[in-house]
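The values are calculated or read from the model by the stated rules, or taken from the named source; none is laboratory data. Please read all numbers here as calculations on a predicted model, not as lab measurements. Neighbour counts are summed over all protein chains in view; Cβ atoms, including those assigned to glycine, are modelled from backbone coordinates with ideal geometry.
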């Protein structure tokens, strides 16, 4: 049983309005049965400094990633994690986080790999909630563990691997990293740590659309018409396109994946989570430097 | 790691972390985060004197002074980055007042000895390793 959708006018413009909730909507529904609020941040301690009352924390690094293999947790681990957070298969999950919902969108994308049906983002995320002076607490959420079924992760629909990207070349690619990473001046986001890529540049033909362009200054998503202007008019995406988005480790591109899939309604969008840390170190994959998208290599 | 060489305060911090369950280590790190001293006035108005640590995900700035052979360490990071503040605070509390040589002798892998890999992830701990490396370099430059 899912919690009623947010009927906000702004959301009605999007392809899937049911994927967003406003801070007003959430504030009125905290504690409602069937709803679990999840905070997912870049900083693993931010939740502990104060969070939305009742919200549980899910950390991308220590809880969603496998500790050994570079991959996400498997069905059993995911079931144990969600059950321990009081989330059942039919629970409505609202995720929010820091930095324009960067990591919240990543968590939502991982939930999608496991087919969790009703998972939404809080438009504006943690920063808007705080900017509006809404309540925060450091009290740990009281969680009653529940059973979450073991569901096999499905990597075929919204996830792309390197081989998939090689086969995809010639179809739209979106590079959501900073302009400096795209052109090849550097391999990491400005002010971020070196995460190891041996070569710099971008995948040939990829369009550069830094992920945060989809966010307004208050952290909410830009309106439908603003997003259409970026992704359709400027980049040239058209209905029916298959799209792959990538960044450095797949987190920023989850945000763009969310925008393209749920806000603009593109139905075949995949996130390449190997992203530049894989592509930029792989042997003999094509790379283009400079500001231009570049040409496909002859095959 | 040669534990006998570890300065007392750093050894205490390590033992405190290791005595806790993994999830409680986060709480201790948060306490450190809250204890990071404010910058002295003379730096608050001169951010250009501070060195940014590029290895950290969040902006953290460091400044090292060596006076009469003793090291004084200042650091600042935003409230929105409590993990980074916690790392900086552990180092400020553990290194401030030591001799330059004592700071230079701290093992480079000290951050890995705190048992935080599981609690916050090895990648994040790397930010603290970067901080320690930059502190040592500044100490070496200022001592010279």
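Annotations for the structure displayed:
- Some residue of segment A:109-122 being within 14 Å of another protein chain (Cβ to nearest Cβ), within 18 Å of the chain's Cα centre (by Cα), buried (at least 23 other Cβ atoms within 10 Å of the Cβ) and over 27 Å from residue A:294 (Cβ atoms): no
- Qualifying residue in segment B:85-100 (condition: over 15 Å from the mean Cα position of the chain (by Cα) and at pLDDT below 90): no
- With respect to the conditions (1) in a helix (DSSP H, G or I); (2) closer than 27 Å to residue A:120 by Cβ; (3) free of Cβ contacts under 8 Å to residues at least 12 places away in the same chain, residue A:232 lacks only one, and its number is (3).
- Test result for residue A:113, farther than 21 Å from residue A:81 by Cα and in contact (Cβ under 8 Å) with a residue 24 or more places away in the chain: no
- Identity of the residue in segment B:12-26, closer than 9 Å to residue B:114 by Cα and without any contact (Cβ under 8 Å) to a residue 40 or more places away in the chain, that ends up surrounded by the most Cβ atoms within 10 Å (Cβ to Cβ): B:16
- Test result for residue A:71, more than 14 Å from residue A:40 (Cβ to Cβ) and out of contact with any helix residue (DSSP H, G or I) (no Cβ under 9 Å at 6 or more places or on another chain): yes
- Screening residue A:60 against (1) within 13 Å of another protein chain (Cβ to nearest Cβ); (2) closer than 27 Å to residue A:227 by Cβ; (3) modelled with pLDDT of 95 or more leaves a single unmet condition, (3).
For every residue, the table says whether it meets (1) buried (at least 23 other Cβ atoms within 10 Å of the Cβ); (2) outside any loop (DSSP other than H, G, I, E, B); (3) touching a strand residue (DSSP E or B) at 6+ places or on another chain (Cβ under 9 Å); (4) away from chain B (no Cβ under 14 Å).
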site: A:200; (1), (2), (3), (4): no, no, no, yes
site: A:225; (1), (2), (3), (4): no, yes, no, yes
site: A:243; (1), (2), (3), (4): yes, yes, yes, yes
site: A:253; (1), (2), (3), (4): yes, yes, yes, yes
site: A:265; (1), (2), (3), (4): no, no, no, yes
site: A:276; (1), (2), (3), (4): yes, yes, yes, yes
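- Hits in segment B:25-44 (condition: assigned to a helix (DSSP H, G or I) and more than 14 Å from every other protein chain (Cβ to nearest Cβ)): B:41, B:42, B:43, B:44
- If you go through segment B:64-79 and keep only what is surrounded by 19 or more Cβ atoms within 10 Å (Cβ to Cβ) and within 13 Å of chain A (Cβ to nearest Cβ), you end up with just B:77.
- Note on segment B:61-95: residues that are in a strand (DSSP E or B) and touching a strand residue (DSSP E or B) at 6+ places or on another chain (Cβ under 7 Å) amount to 12.
- Among the residues making up segment B:98-141, those that are more than 11 Å from chain A (Cβ to nearest Cβ), outside any helix (DSSP H, G or I) and in contact with a helix residue (DSSP H, G or I) (Cβ under 9 Å, 6 or more places away or on another chain) are B:98, B:105, B:106, B:107, B:108, B:109, B:115.
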